[in-house]
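Here is the structure we will look at.
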Amino acid sequence: MSKIIAMLENEDRELNMSLYDFIDEQYRKANPIMVCHVTEEEYNNMKKQIKAGYLNERLPRATTEEDIGYNKFRYVIVYNRISNNLLVSDYDNPGKIGSYTIDEEGIHYDEKGYQITNHPMQRFFASSCNTLKVYTTESYKEIIAHYETRQTREELIKEKTRELIELIGKSCHNCNSMCCGGLADASDCSKWSHIIS
């Protein structure tokens with residue numbers, strides 16, 4: 001299980017949960033989140049900072065990446081409060097046109113979409129105020145692959161469920177309703193008390 005580092009209101013801590021579970025939970029609650037990518041080396045640096053009290057980016061004198069010890073601007077996922085979705089941003093290509101969004105229906109690609117860094121409506125996205133900021137070592141490509149794989153798996157489950165409902169409808173012989181063995185789709189049967197043979 002991968003871990004993440006979360007900047008909470010008054011403390012910073014490493015959470016022993018997957019990035020995806022965290023994102024799903026926060027998205028369901030409509031909590032604005034901002035996820036940034038860090039390298040393994042930067043992540044380990046951040047863990048040392050937490051043990052010393054808090055992340056260096058909280059220090060007013062820490063203004064450069066060298067002072068902070070990691071790059072805090074590699075935005076990979078940012079909540080859009082107007083569209084109620086998550087923009088997945090390619091931090092290695094901040095000017096790229098074409099982006100992914102995640103919503104309750106899954107992941108979608110918009111060939112005319114912007115990255116967070118070049119988005120003309122940036123003000124609608126979560127900012128550092130009142131936003132949960134999370135750091136992960138998961139890359140842009142790994143995040144896209146995870147959500148595409150999950151969506152494919154969910155579509156397969158829906159397809160198999162439809163097939164099962166159809167099979168039940170064709171095998172129902174004892175409920176004395178219109179579905180007696182000839183119903184194409186058992187979801188049309190109003191009597192689910194029938195016996196399947």
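The values are calculated or read from the model by the stated rules, or taken from the named source; none is laboratory data. Remember, it's a predicted structure, so these values are computed and weren't measured experimentally. Here Cβ is always computed from backbone atoms with ideal geometry, including for glycine, and neighbour counts include all displayed protein chains. Remember, those area values only see protein heavy atoms, side chains included, never the ligands or the DNA or RNA. Shrake-Rupley method; radii C 1.70, N 1.55, O 1.52, S 1.80 Å.
By a 1.4 Å probe calculation restricted to protein chains, Thr137 has an accessible surface near 40 Å², given to the nearest 10. Heavy-atom accessible area, probed at 1.4 angstrom with all protein chains present, ranks Met17, Met7 as Met17, Met7, highest first. For a label point 7 Å from the Cα of Thr161 along Cα→C-beta, name the residues of the range 66-107 whose backbone N is under 17 Å from it. Answer for the range 66-107: 104-107. Applied to the range 55-68, the Karplus parametrisation 6.51 cos²θ - 1.76 cosθ + 1.60 on θ = phi - 60° returns per-residue 3J(HN,Hα) values of 6, 4, 5, 6, 6, x, 7, 8, 10, 10, 4, 5, 5, 6 Hz, with x for Gly and Pro. Residues in the range 17-31 carry Karplus couplings, in order, of 8, 6, 4, 5, 5, 5, 4, 4, 5, 5, 5, 4, 8, 6, 7 Hz; the curve used is 6.51 cos²θ - 1.76 cosθ + 1.60 with θ = phi - 60°, and Gly or Pro positions show x.
Rounded to the nearest whole Hz, the Karplus-based 3J(HN,Hα) values (6.51 cos²θ - 1.76 cosθ + 1.60, θ = phi - 60°) of the range 141-150 follow the sequence 5, 5, 5, 4, 4, 4, 6, 5, 5, 5, with x at glycine and proline. Annotation note: GluC sites (Glu not before Pro) in the range 1-52 located in DSSP loop regions with a Cβ neighbour count of at most 16 within 10 Å are Glu9, Glu11. The 1.4 Å probe gives accessible areas that order Lys158, Lys141, Lys72, largest first, as Lys141, Lys158, Lys72. Loop-resident trypsin sites (Lys or Arg not before Pro) (DSSP state other than H, G, I, E or B) in the range 26-62 with no more than 16 further Cβ atoms inside 10 Å of their Cβ: Lys29, Arg61.
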